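Below is one structure, written out as structure tokens; the observations come after it.
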Amino acid sequence: MDIQLKIIDRQGEFHEYEIPSDCGLNLMELCKSAELGVEGICGGMALCGSCMIYIDQGPELPGVGEDEEKMLDTLMHVRKNSRLACQIKISEKINGLQFTIAPNQ
Amino acid sequence: MDNLKDIIIIGAGPVGLFTVFEAGLLGLKCHLIDALGAPGGQLNEIYPKKPIYDIPGHPEILASDLVDNLMKQISPFKPEFTLGETVIELTKDNEGIFTLMTDQGTMLRSKVIAIAAGLGCFEPRKPALANLEFFEKKGVDYIIRDPLKYKNSKIVISGGGDSALDWAIYLVNIASEITLVHRRTEFRGAPESVRKLMELSNSGKINVITNAEVTQLNGSEHLEGVVVSVEGGQPQTLDAQFYIPLFGLTPKLGPIAGWGLGLDKNAIQVNTLDYSTNIPGIFAIGDINTYPGKLKLILCGFHEATLMVQSAYKIIHGGKDPSFKYTTVTGIKPMQ
Ligand SMILES: Cc1cc2nc3c(=O)[nH]c(=O)nc-3n(C[C@H](O)[C@H](O)[C@H](O)COP(=O)(O)OP(=O)(O)OC[C@H]3O[C@@H](n4cnc5c(N)ncnc54)[C@H](O)[C@@H]3O)c2cc1C
């Protein structure tokens, strides 16, 4: 099955994607391959914070893990709806998600 | 002017460190400079205790152990280090000699520069506060270099990680008053530090404010106070001579962008023959460079360093090629 994702980049531009739910990527990897300016320095270990996003709307997401909490504690521009894109796997469960890429650290 | 170095390496990450070894085999001596206070680059700053699995010959090795091993491997070649200083200026004179300057005024000269600057300089994350920059060096510090500076002062620290906790605890007996402001309810530092902090908070030695952020800095010439906004509460104004936001470090390309090097998306373009840049005598190796097919891996940086020093040798020895020898044949000849 394909799922729909909506992403607002750092310039405020709106992008819509349809991707196979079993592509095996996380949201950081998606943003990177779509060249939306996300660095993903640590490769997805919740260690650098360069992939912070704000969840705008959509289905409820799996909870924030300990490593992710720890990183969010140290980042700038954190909001209540902040998440690290690398910690959210693409699957049927996130169909319809809309998020905004947070400013650079 | 001080003596000429063979190779100056900007960046003491794994790739800069291994360059010392390959240069040493050719009899070239290196001087490394890094903005961080210790060698190791990303390995020590971001993931010291994570195992790496793709270093040839090491089925598994902790990042910090790899750095220690590299330091051991290069020690016979007596590299010199300038740590805790950022290279801000690089110029070339008509004789082809480079002069490099750091933010602390250290000046070094050489015929060859190896830029192994990784993702750039690690710089402190700065909170978004209106007049933050105005108060830098006037009460706002991101790095604690001399704890005694805070003797008998009122200080406010922001952050919830290990460094915020450790410094708050350390400064208890030095500062006259300490407030620790944290955005969340819980602290995620080492359990022992969290326990200690709670003890000091309960005994009134540290003023801990959670679910809160510093939102304003006040003062005319020097910092005099901060405003702390607490979630769902009234903002509090605190007297403070120092505000120390401790939110960790993040890499930024920094001054390198202004040196006239060919760049592509924050990386330096190189010729894969020898990782030379558009400026003869300057090479770029490791994460900082880019070329078709580039992979940001330690292993690839090691390869780049090995080829690079061949050309560096030629520049230093008036066009002469180095002779190729196996280490098994020559062994390691320590330098003085
Ligand atoms: C979480 C994580 C996991 C990783 N896992 C792996 C893995 O399993 N395998 C692998 O091969 N790679 C891995 N990597 C990538 C690997 O760490 C990098 O490829 C490697 O660190 C690059 O080394 P480097 O020496 O080029 O740069 P860096 O390690 O980035 O070091 C560059 C140094 O240059 C300094 N510097 C920059 N500019 C200046 C300046 N102007 N003045 C002074 N100093 C300056 C910086 O302070 C820094 O210390 C990982 C990276 C991360 C973040």
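The values are calculated or read from the model by the stated rules, or taken from the named source; none is laboratory data. Since the model is a prediction, treat every value here as computed from it, not as a measurement. All Cβ positions, even for glycine, are placed from backbone atoms using ideal geometry, and neighbour counts span all protein chains on display. Ligands, DNA and RNA are stripped out before the accessible areas are found, and what is left, the full protein with its side chains, is counted by its heavy atoms. Shrake-Rupley method; radii C 1.70, N 1.55, O 1.52, S 1.80 Å.
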**Prompt:** Which of the residues that make up the stretch B:1-18 are in a helix (DSSP H, G or I) and near the ligand (Cβ under 6 Å from one of its atoms)?
**Reply:** B:PRO14, B:VAL15, B:GLY16
**Prompt:** Where in chain A are there strands (runs of 3 or more DSSP E), lying wholly inside it, with at least 3 residues that are surrounded by 15 or more Cβ atoms within 10 Å (Cβ to Cβ)?
**Reply:** A:2-8, A:52-57, A:82-84, A:97-101
**Prompt:** In the stretch B:311-324, what count of residues is obtained for those that are free of Cβ contacts under 8 Å to residues at least 60 places away in the same chain and not acidic (Asp, Glu)?
**Reply:** 8
**Request:** Restrict the check to the stretch B:42-60 and report whether at least one residue is under 23 Å from B:GLY120 (Cα atoms) and in contact with a Cys (Cβ under 8 Å, 6 or more places away or on another chain).
**Result:** yes
**Prompt:** Which ones in the stretch A:13-53 are more than 16 Å from the ligand (Cβ to nearest atom) and of a type in the set (Ser, Thr, Tyr)?
**Reply:** A:TYR17, A:SER21, A:SER33
**Request:** Can you give me the number of residues within the stretch B:16-58 that are within 14 Å of another protein chain (Cβ to nearest Cβ), under 27 Å from B:ASP162 (Cβ atoms) and surrounded by fewer than 17 Cβ atoms within 10 Å (Cβ to Cβ)?
**Result:** 5
**Message:** Return the pair list, or none, for Cβ contacts closer than 9 Å from residues in the stretch B:282-306 that are not assigned by TED's automatic domain parsing to the domain that holds B:PRO14 and open to solvent by 30 Å² or more (accessible area, probe 1.4 Å) to residues that are within 9 Å of the ligand (Cβ to nearest atom) and at pLDDT below 95, at least 6 apart or on different chains.
**Reply:** none
**Prompt:** Across the stretch B:107-144, which residue is most open to solvent (accessible area, probe 1.4 Å) among those that are within 25 Å of A:GLY43 (Cα to Cα) and charged (D, E, K, R)?
**Reply:** B:LYS126
**Request:** Could you check how many residues of the stretch A:86-100 are within 14 Å of chain B (Cβ to nearest Cβ) and touching a Pro at 6+ places or on another chain (Cβ under 7 Å)?
**Result:** 0
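Every residue, every condition in (1) under 25 Å from B:GLU123 (Cβ atoms); (2) open to solvent by less than 20 Å² (accessible area, probe 1.4 Å); (3) within 16 Å of the ligand (Cβ to nearest atom); (4) among the charged types (D, E, K, R), yes or no:
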residue: B:GLU177; (1), (2), (3), (4): no, no, no, yes
residue: B:GLY189; (1), (2), (3), (4): yes, yes, no, no
residue: B:LEU197; (1), (2), (3), (4): no, yes, no, no
residue: B:LYS205; (1), (2), (3), (4): no, no, no, yes
residue: B:GLU213; (1), (2), (3), (4): yes, no, no, yes
residue: B:LEU223; (1), (2), (3), (4): yes, yes, no, no
residue: B:LYS252; (1), (2), (3), (4): yes, no, yes, yes
**Message:** I need the full set of residues from the stretch A:45-85 which are away from every other protein chain (no Cβ under 12 Å) and of a type outside the set (A, V, I, L, M, F, W, C), in order please.
**Reply:** A:TYR54, A:ASP56, A:GLN57, A:GLY58, A:PRO59, A:GLU60, A:PRO62, A:GLY63, A:ASN81, A:ARG83
**Message:** Which pairs turn up if I take residues in the stretch B:181-197 that are more than 13 Å from chain A (Cβ to nearest Cβ) and look for partners that are of a type in the set (Val, Ile, Thr) with beta carbon separation below 9 Å, at least 6 apart in sequence or on another chain?
**Reply:** B:SER193/B:ILE169; B:LYS196/B:ILE169; B:LEU197/B:ILE169; B:LEU197/B:ILE206; B:LEU197/B:VAL208
**Request:** Mind telling me which of the residues B:GLY161, B:GLY139 ends up being within 13 Å of chain A (Cβ to nearest Cβ) and touching a Gly at 6+ places or on another chain (Cβ under 7 Å)?
**Result:** B:GLY161
**Request:** With the condition kept exactly as written, say whether any residue in the stretch A:23-37 is of a type in the set (Ser, Thr, Tyr) and within 14 Å of chain B (Cβ to nearest Cβ).
**Result:** no
**Message:** Residues that are more than 19 Å from B:THR306 (Cβ to Cβ) and within 17 Å of the chain's Cα centre (by Cα): list the strands (runs of 3 or more DSSP E) wholly contained in the stretch B:19-129 that include at least 1 such residues.
**Reply:** B:30-34, B:80-83, B:87-92, B:98-102, B:121-124
**Asked** Can you tell me which of B:ASP274, B:ASP321, B:ASP239 is away from the ligand (no atom under 13 Å from the Cβ), charged (D, E, K, R) and open to solvent by less than 30 Å² (accessible area, probe 1.4 Å)?
**Response** B:ASP274
**Request:** Report yes if some residue within the stretch B:83-92 is more than 14 Å from the ligand (Cβ to nearest atom) and on the phi < 0 side of the Ramachandran plot; otherwise report no.
**Result:** yes
**Request:** Would you mind finding the one in B:ILE74, B:ILE55, B:ILE88 that is among the aliphatic types (A, V, I, L, M), in contact (Cβ under 8 Å) with a residue 24 or more places away in the chain and within 21 Å of B:TRP259 (Cα to Cα)?
**Result:** B:ILE88
**Complete:** For the stretch B:13-32, pairs from a residue that is outside the structural domain of B:LEU70 (by TED's automatic domain parsing) to a residue that is surrounded by fewer than 24 Cβ atoms within 10 Å (Cβ to Cβ), with Cβ under 8 Å and 6 or more apart or across chains, are none
